[in-house]
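Here it is, the structure in full.
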Amino acid sequence: MRYAAGLRSRLTLGVPAGLALLLLVVPLAALLTRADWSRLPGDLATPTVLPALRLSLLTTSTTAGLCLLLGTPLAWFLARSEHRVTRWVRALLTVPLVLPPVVGGVALLMAWGRTGLLGQHLAPFGVQIPFTTVAVVLAETFVAMPFFVLAVEGAMRGLDPRLEAVARTLGATDVHYLRTVALPLVLPGLASGLALAWARALGEFGATLTFAGSFPGRTQTAPLAVYAALEQDPQVAISVSIVLLAVSVLVLGVLRGRWLR
Amino acid sequence: MRRRRPRGLGPAAYGIVVLALAACGSPAAPATDTVTVLAAASLTEAFDQLSADFTADHPGVTMELSYGSSATLVQQVNHGAPADVLALAGESAADPLDPSAVRSSTPFAGNVLEIAVPSTNPAHVTGLGDLGRAGLKVVLCAPAVPCGRAADATFAKAGIIPSAVSREVDVKATLSKVRLGEADAAVVYHSDVVAAGDAVTGVPIPEAVNTRLRYPIITLTGDPSAQAFVDYVVGERGQHTLRSFGFTSP
């Protein structure tokens, strides 16, 4: 009796758990089985794929740089304030996190487009953002920055408040304290935030397509190239997907110390 | 004392979920009174009208329409998308289609390329030659979709290298960049310019360099209602509707 009940309870949990695993693993395995490894180097050297990979590397690195430069100070302010406004800002930050990316693309067009809120004031100076590599970076930063800020903020909250008090008695300014005490201590959080933001930027599709368009070498990033290739030569799409999958696994490796212990 | 086992979700409940999922996923033959049509993006407005007129005459029939680039639709059918009718922009778009899926194919409409500019025409585009002007923002369809391939052919014939800033997924996405005022010009179909009304202005492309497409309508199942819809589109009333949306006879 006891054994049967145990088995039943095992099944009750084991069957859905197994299904969940299958739902996640089967598509990835299918991608790998459909890969034509001998064709891989040739597929990656096609005239649209190589510029797409290069563009993705360039734009995601720029995005990561922007996150580091602009996001770190924002995380710093969020981490040390319990003000009502701070809580609103934090809530606002999570919106791009859950927003459908294509909606982000439309919003970016409304802001930076030729007739947009900011774009209409830039146009007279000959500055037009849509359809440029800058637009790709803006789209990627829009979706990636929240990941970075929230990760770094979490790490900064974990700091011992006495450290700052001590630093202050020694006459340290905010910038000085941040540079010499706080940042070295939150380095792991910073690194994982950066890896998360970078991976999210690499995967960006909807906002880029809507806001930056798709042009080889200029705005066609690797995911857009996968989509374009699927209609022309699905094998090329599979080859590029394998590369992106490998990169994603690599990023996971970077994050390992933090989450996969 | 025995504790009562909670009687919530047992294995049976999961069985139901699995069955439900299987039912959703199975490409079972569509119910006889539902006709599923996959149509090229350029046919959006015309087919919305055609299906509304058709259901008015056939009250028992429900039409399900889905639009996209012909290249996407062909891939969907090859991967088993349950559809009764497939309408493509140009006969070459059907080349990658799995031949065993095709029951019949009939040309039903013709279309030519046209330049669409914002109604204010900020870049003063007056002809195809203007699209090679440096700094102009020209949007074209992706090279893999029919309108992109046709545009490439036309530019090659005219000996012009367009100042393209984006190659969009289908003709409506291409047109939308002009409607939003983000692009100075787009190469789309004449029918798209007609369907957009006042939102855009059309600039004709000379016949000598233009690319003409013959749209085929393809039946994928033997569904009688689907055949009735195809007959309606090919018939006199359907052709009249198509002409009012800027299509020519095939």
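Bear in mind these aren't lab numbers, they're just calculated from the coordinates by the rules spelled out. Bear in mind that the values here come from a model prediction, so they are computed numbers and not experimental data. Please note: Cβ atoms are built from the backbone with ideal geometry, for glycine as well, and neighbour counts cover all protein chains shown.
Largest first and in whole Å, give the semi-axes of the range B:153-250's equivalent ellipsoid, each being the square root of 5 times a Cα gyration tensor eigenvalue. Write down the numbers at each step before the final one.
Working: eigenvalues 179, 51, 41 Å².
Taking √(5λ) for each eigenvalue gives 30, 16, 14 Å, largest first.
Rounded to the nearest 10 degrees, what's the angle between the helix B:44-57 long axis and the longest principal axis of chain B, both from Cα atoms, 0 to 90?
Tilt relative to chain B: about 50 degrees.
Under 18 Å Cα-Cα from residue B:137, which lysines qualify once same-chain neighbours fewer than 8 residues away are excluded?
Partners within reach: B:172, B:177.
Enter the angle in degrees (range 0 to 90, nearest 10) between the Cα long axis of helix B:224-234 and the first principal axis of the Cα atoms of chain B, meaning the one along which they spread out most.
Its long axis makes an angle of about 10 degrees.
From the alpha carbon gyration tensor of the range A:53-126, can you work out the equivalent ellipsoid semi-axes (sqrt of 5 times each eigenvalue) and give them in Å, largest to smallest? Please report the intermediate quantities before stating the final value.
Details: eigenvalues 135, 71, 40 Å².
In descending order the semi-axes read 26, 19, 14 Å.
Could I ask something else about it? How big is Rg to Rh over the protein assembly as shown, alpha-carbon atoms, Rh as the Kirkwood inverse-mean-distance radius?
That ratio is 1.05, to two decimals.
Taking the Cα centroid of the range A:64-108 and of the range B:190-250, what is the distance between the two, rounded to the nearest whole Å?
Between the Cα centre of the range A:64-108 and that of the range B:190-250, the gap is 47 Å.
Can I ask one more? Return one quarter of the surface area of the convex hull spanned by the alpha-carbon atoms of chain B, equal to its mean projected area, in nm².
18.9
Let me ask something additional. Would you order B:231, A:160 from fewest to most other beta-carbon atoms within 10 Å of each residue's own beta-carbon? Show your work: numbers first, answer last.
Numbers: B:231 12, A:160 9.
Exposure proxy ranking, most exposed first: A:160, B:231.
Here's something else I'd like to know. What relative contact order, as a whole-number percentage, does the range A:55-216 give when Cα pairs under 8 Å and 6 or more residues apart are counted?
39
So which aspartates and glutamates can residue B:157 reach, going by Cα to Cα under 16 Å and dropping same-chain residues fewer than 8 places off?
Cross-link targets: B:114, B:130, B:207.
Would you please state the base-10 log of I(q)/I(0) at q = 0.12, 0.24 1/Å for the range B:111-212, with intensities from the Debye formula using one equal scatterer on every alpha carbon?
-0.29, -1.39
In chain A, which helices (entire DSSP H runs) extend 20 Å or more along their own long axis, judged by Cα positions, while averaging at least -1.0 on the Kyte-Doolittle scale?
Going by DSSP H runs, the hits are A:2-34, A:49-66, A:84-98, A:133-157, A:187-203, A:234-259.
Continuing with the same structure: Where does the charge balance sit around residue A:231 when Lys and Arg score +1, Asp and Glu -1, over other residues with C-beta under 12 Å from its C-beta?
Value of the local net charge: 0.
Hey, rough spin-label estimate for residue A:19 and residue A:94, points 7 angstrom out along Cα→Cβ, what's it come to in nanometres?
It works out to 2.9 nm between the two label points.
Counting only Cα, what are the radius of gyration and maximum Cα-Cα distance Dmax of the range B:54-119, in Å?
14.8, 45
Normalised by the residues of chain B, what does the relative contact order come to in percent, with Cα pairs under 8 Å and at least six apart? Don't skip to the end; give the middle numbers.
Working: 466 pairs, mean separation 67.9, N = 250.
Computed value for chain B: 27 percent relative contact order.
What is the Cα centroid distance between the range A:31-60 and the range A:189-224, reported in whole angstrom?
Taking the Cα centre of each part, the range A:31-60 and the range A:189-224 sit 16 Å apart.
Stokes-Einstein diffusion coefficient for the range A:123-261 at 10 °C in a medium of 1.306 mPa s, Rh from the Kirkwood formula over Cα pairs: what value in µm²/s? Could you put the intermediate results ahead of the total?
Details: Rh = 17.7 Å.
The diffusion coefficient I find is 90 µm²/s.
Please report the net charge: other residues with Cβ closer than 14 Å to the Cβ of residue A:182, K and R +1, D and E -1.
On the way: positive: A:80, A:157, A:162, A:168, A:179; negative: A:153, A:160, A:164, A:174.
So the environment of residue A:182 carries a net charge of +1.
With viscosity set to 0.890 mPa s at 25 °C, what whole-number translational diffusion coefficient in µm²/s follows for the range A:1-107 from Stokes-Einstein and a Kirkwood radius over Cα pairs?
Taking Rh from Cα pairs, D becomes 124 µm²/s.
With a sphere of radius 12 Å drawn around the Cβ of residue B:86, what net charge do the other residues whose Cβ falls strictly inside it have (Lys, Arg +1; Asp, Glu -1)?
-1
Same structure, new question: Determine the dipole magnitude for the range A:119-233: charges of +1 sit on the beta-carbon of Lys and Arg, -1 on that of Asp and Glu, nothing else is charged, the reference point is the Cα centre, and the result goes in debye to the nearest 20.
Using Cβ point charges on Lys, Arg, Asp and Glu, the range A:119-233 gives about 340 debye.
Further, regarding this structure: Using the number of other C-beta atoms within 10 angstrom as an exposure proxy, rank B:182, B:91, B:236 with the fewest first.
Final ranking by Cβ density, sparse to dense: B:236, B:91, B:182.
Counting helices only, and only those DSSP H runs with n ≥ 4, report the 222 nm mean residue ellipticity of the protein assembly as shown as the sum of -39,500 (n - 2.57) divided by its residues, in deg cm²/dmol to the nearest 500. Don't skip to the answer; put the middle values down first.
Working: 22 runs with 280 residues, N = 511.
Mean residue ellipticity at 222 nm (helix-derived): -17500 deg cm²/dmol.
Can I ask one more? Arrange A:97, A:250, B:175 by Cβ neighbour counts within 10 Å, fewest through most, would you?
A:250, A:97, B:175
Between helix B:146-158 and chain B, what is the angle of the helix's C-alpha long axis to the longest principal axis, kept within 0 to 90° and rounded to the nearest 10?
Here the helix axis deviates by roughly 20 degrees.
How large is Rg over Rh for the range B:72-169, taking Rg from the Cα atoms and Rh as the Kirkwood inverse mean of 1/r across Cα pairs?
Expressed as Rg/Rh, it is 1.07.
Under a 10 Å cutoff between Cα atoms, tell me which one of A:114, A:157, A:168 has the largest fluctuation in the Gaussian network model of chain A.
Most flexible of the set in this elastic network: A:168.
Also, quick follow-up: As an exercise, find the ratio Rg/Rh for the range A:55-216 from alpha-carbon atoms, using the Kirkwood inverse-distance average for Rh.
1.05
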